[in-house]
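The values are calculated or read from the model by the stated rules, or taken from the named source; none is laboratory data. These numbers come from a predicted model, not from an experiment. Neighbour counts run over all protein chains shown; Cβ positions are idealised from the backbone, glycine included. Just so you know, the surface numbers come from the protein's heavy atoms only, side chains and all, with ligands and any DNA or RNA stripped out. Shrake-Rupley method; radii C 1.70, N 1.55, O 1.52, S 1.80 Å.
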Amino acid sequence: MTTLFLLVGLPGAGKTTRARQLAEEYGALRLTPDEWMIPLFGLLEADGKRDVLEGRMLRLALEAVKLGTDVVMDFGCWSRDERSAIRWLVEAESARFRMIYLPVDDATQRARIAHRRATAPEETLPMSEADILYGRAHFEEPDKAELDGCTIDGPPYGWPTWREWAADRWPSFA
Ligand SMILES: Nc1ncnc2c1ncn2[C@@H]1O[C@H](COP(=O)(O)OP(=O)(O)O)[C@@H](O)[C@H]1O
Ligand SMILES: [Mg+2]
């Protein structure tokens, strides 16, 4: 069965490092938005352009699993709705969804961000204290039920399926 891996965690959690390992191990297509945003725009968030990029990547990911290629999505996915939507879309293609959550405590996160800045400056942009605090405040940590993956939430009220919700969240997905 074709698998889509979704990496979840804050900046510095080790997502891209793990995504590279998984891509190597499974011969999977790795989609890391930062590796496109930085060369294209010199920014990680550029006026909604990250949403556009991620929407196209999500389409590409679903195309790839349809073709039988495993995919590693290195999106971070702070929101539970984003994760549920991606899971639903992957399972609608009869592929397997595997979420990989990398928790990271504050001190480790800061040390890793500094390590990356020192060792691979081209892979990243400087992160401010405000960026780090914003992430902590907005990240929706997956709970046990979500990690176990036994059930999947329905879309928020007013959305017929996760497909419509995803096309609103990532406009270029439609
Ligand atoms: N398990 C780990 N143990 C120690 N250092 C790690 C680990 N995973 C990643 N790192 C280091 O931490 C930094 C951030 O990792 P990265 O994979 O870029 O995080 P993310 O993609 O989640 O922002 C890098 O310098 C990386 O080499
Ligand atoms: Mg990364």
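Quick one: which helices (runs of 4 or more DSSP H) lie wholly within the stretch 55-141 and hold at least 3 residues that are free of Cβ contacts under 8 Å to residues at least 12 places away in the same chain?
106-119, 129-138
All of Ser94, Ser79 fail the test of being more than 13 Å from ligand 1 (Cβ to nearest atom) and farther than 22 Å from Tyr134 by Cβ, apart from Ser94.
Taken over the stretch 17-33, the residue count meeting the criterion of being free of Cβ contacts under 8 Å to residues at least 24 places away in the same chain and either within 9 Å of ligand 1 (Cβ to nearest atom) or open to solvent by less than 70 Å² (accessible area, probe 1.4 Å) (or both) is 2.
In the condition set (1) closer than 25 Å to Ile86 by Cα; (2) surrounded by 10 or more Cβ atoms within 10 Å (Cβ to Cβ); (3) at pLDDT 95 or above; (4) among the hydrophobic types (A, V, I, L, M, F, W, C), Ala137 is compliant with all but (2). Taking the condition within 25 Å of Leu10 (Cβ to Cβ) and crowded, with 18+ Cβ neighbours inside 10 Å, does Arg80 pass? No, not satisfied.
Condition check for Ala46 on (1) in contact (Cβ under 8 Å) with a residue 60 or more places away in the chain; (2) within 27 Å of Ala114 (Cβ to Cβ); (3) part of a loop (DSSP other than H, G, I, E, B); (4) more than 12 Å from ligand 1 (Cβ to nearest atom): one failure, at (1). Every condition in (1) modelled with pLDDT of 95 or more; (2) among the hydrophobic types (A, V, I, L, M, F, W, C); (3) open to solvent by less than 50 Å² (accessible area, probe 1.4 Å); (4) within 20 Å of Glu35 (Cα to Cα) is met by Ala114 except one, and the failing one is (3).
If we keep just the residues of the stretch 1-56 that are closer than 20 Å to Ala95 by Cβ and β-branched (Val, Ile, Thr), which is farthest from ligand 2 (Cβ to nearest atom)? Only one residue tops the list, namely Thr2.
Mind counting the residues in the stretch 20-34 that are among the polar types (S, T, N, Q) and either in contact with a strand residue (DSSP E or B) (Cβ under 7 Å, 6 or more places away or on another chain) or assigned to a loop (DSSP other than H, G, I, E, B) (or both)? Break it down stepwise before answering.
Going residue by residue through the stretch 20-34, those that are among the polar types (S, T, N, Q) are 21, 32.
So of that shortlist, the ones also either in contact with a strand residue (DSSP E or B) (Cβ under 7 Å, 6 or more places away or on another chain) or assigned to a loop (DSSP other than H, G, I, E, B) (or both) come out as 32.
Number of matching residues: 1.
The set of residues from the stretch 34-66 being more than 21 Å from Pro171 (Cα to Cα) and open to solvent by 80 Å² or more (accessible area, probe 1.4 Å) comprises Pro39, Lys66.
Go through the stretch 49-62 and report how many residues are within 20 Å of Tyr134 (Cα to Cα) and either within 16 Å of ligand 1 (Cβ to nearest atom) or not acidic (Asp, Glu) (or both).
Taking the stretch 49-62 first, the residues within 20 Å of Tyr134 (Cα to Cα) are 49-51.
Pick out the ones that are also either within 16 Å of ligand 1 (Cβ to nearest atom) or not acidic (Asp, Glu) (or both) and you get 49-50.
Of the residues in the stretch 49-62, 2 are within 20 Å of Tyr134 (Cα to Cα) and either within 16 Å of ligand 1 (Cβ to nearest atom) or not acidic (Asp, Glu) (or both).
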